[in-house]
Amino acid sequence: MDQFTMSAENKKIMREAIDQVDLVIVYLQEMFGHYAIKYARSKGKPVLSYVVGCTWDALWNYNWQGKIMAPISYIRRRNAVAKSDYALYVTQEFLQRRYPTKGFSIGCSDVAIAPIDDNILTKRLKYIEDSDIKKELNIVTTAGVNVPYKGQAYVIEAISKLKKAGDTRYHYYLIGGGDATRLKNLAKALDVENQIHFVGILPHTEVFGELDKMHVYIQPSMQEGLPRSMAEGMSRGLMAIGTTTGGIPELVAPHNIVRKRNSDDIVKLLKNITSDILKEEAKFSLDKAKQYQGEVLDARREQFFDEIKRRINK
């Protein structure tokens, strides 16, 4: 539902709420946001936009209908952010380039990693030492298995290509809900059923335990903001591989970035992994994940809001 289909009653409720506040905060992932911005500006109310994802990527990579809607939605969101007095982006660079604003802004992820224990690196290095990755290397993605743009299919294709080359040590674990029929059929067609493991939904308290059994976290998405699941994988010392999508390159080491929809790039990285590489990547991942600890981001966000408050009250 957007500004063209909102009921008169919903519009009335929104207008009454906006009339009573000094700042209108708009979560641009929600379609009501565009109407809220339009009305707020008509009343001279300042607007803070939360920019949490790319509408172009989300729609373009969804289906053929999404490709029709993508240009319109992209232009609307770009205009909305451009007209905002303040903007909070969940990326440092990507969304800022796609949806620039002339207002006061900050790049501050909505990911909130729990404090990282210094013992995690020690445990991770020991796990690598105890692993025989020449026989088995565990790869994981945490994402809905029924969402094509999450890209798990390209990892399955890569594992199939490695198997054809005689290398069957790779096991891919998919944590996440949804109908897995599409991916299960693909694994069967590519003859890698015994290497693809559908874990399903896990309570968040159990996810870290599963991650600790892995060696590599891969985010093969075609659309993302800044993926929390990848940051969590890195917070356990996993080597991280990701596509050029969204904020992923802000997390991943440059040499571990792969092109979207490109299983050959994934093959090249996976087949060259050694224990020494995993150890170096563990250090990189943990150092990067520390930048996304909740207390670090909360302090930056609070400073941003304090400045907005100062500007409104001056």
For Glu302, Glu232, Glu307, what's the largest-to-smallest order of accessible area, 1.4 Å probe?
-> Glu302, Glu307, Glu232
Loop-resident trypsin sites (Lys or Arg not before Pro) in region 98-152 with no more than 16 other Cβ atoms inside 10 Å, DSSP not H/G/I/E/B, are Lys102, Lys134, Lys135
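Using a 10 Å cut-off on Cβ atoms, rank the peptides 48-56, 195-203 from the highest mean neighbour count down.
So the order, starting with the most tightly packed, is 48-56, 195-203.
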Sticking with the crude label model, points 7 Å out along Cα→Cβ, report the distance from Thr168 to Glu9 in nm, one decimal please.
-> 6.2 nm
Of Val216, His197, Ile257, which is farthest along the charge dipole of region 180-314 in the positive direction, counting Lys and Arg as +1 and Asp and Glu as -1 at C-beta?
-> Ile257
Which value in deg cm²/dmol, rounded to the nearest 500, describes the helix-derived mean residue ellipticity at 222 nm for the chain, given -39,500 (n - 2.57) per DSSP H run of n ≥ 4 and division by the residue count?
-> -14500 deg cm²/dmol
How big is the accessible area of Asp132 in square angstrom, nearest 10, if you roll a 1.4 angstrom probe over the protein chains?
-> 80 Å²
Residues in region 168-182, backbone N under 20 Å from the label point at Arg261 (7 Å along the Cα-to-beta-carbon vector): list them, ranges by number please.
-> 182
Taking the chain as a Gaussian network, Cα atoms linked when under 10 Å apart, which of Ser221, Ser131, Ser105 shows the biggest mean-square fluctuation?
-> Ser131
Of Lys45/Lys314; Lys134/Lys213; Lys135/Lys188; Lys163/Lys279; Lys163/Lys268, which ones are farther than 20 Å apart at the Cα?
-> Lys135/Lys188; Lys163/Lys279
Quick one: Karplus J couplings for region 229-241, per residue in order, coefficients 6.51, -1.76, 1.60, θ = phi - 60°, nearest Hz, x for Gly and Pro?
-> 4, 5, 4, 5, x, 5, 5, 9, x, 6, 4, 10, 10
Net lengthening on full extension, Lys83/Asp110 (0.36 nm per residue, minus Cα-Cα) = 7.5 nm
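The values are calculated or read from the model by the stated rules, or taken from the named source; none is laboratory data. Values in this document were obtained by computation on a predicted structure and should not be read as measured data. Every residue, glycine among them, receives a Cβ derived from its backbone with ideal geometry; neighbour counts consider all protein chains shown. Side chains included, ligands, DNA and RNA excluded: accessible areas come from the protein's heavy atoms. Shrake-Rupley method; radii C 1.70, N 1.55, O 1.52, S 1.80 Å.
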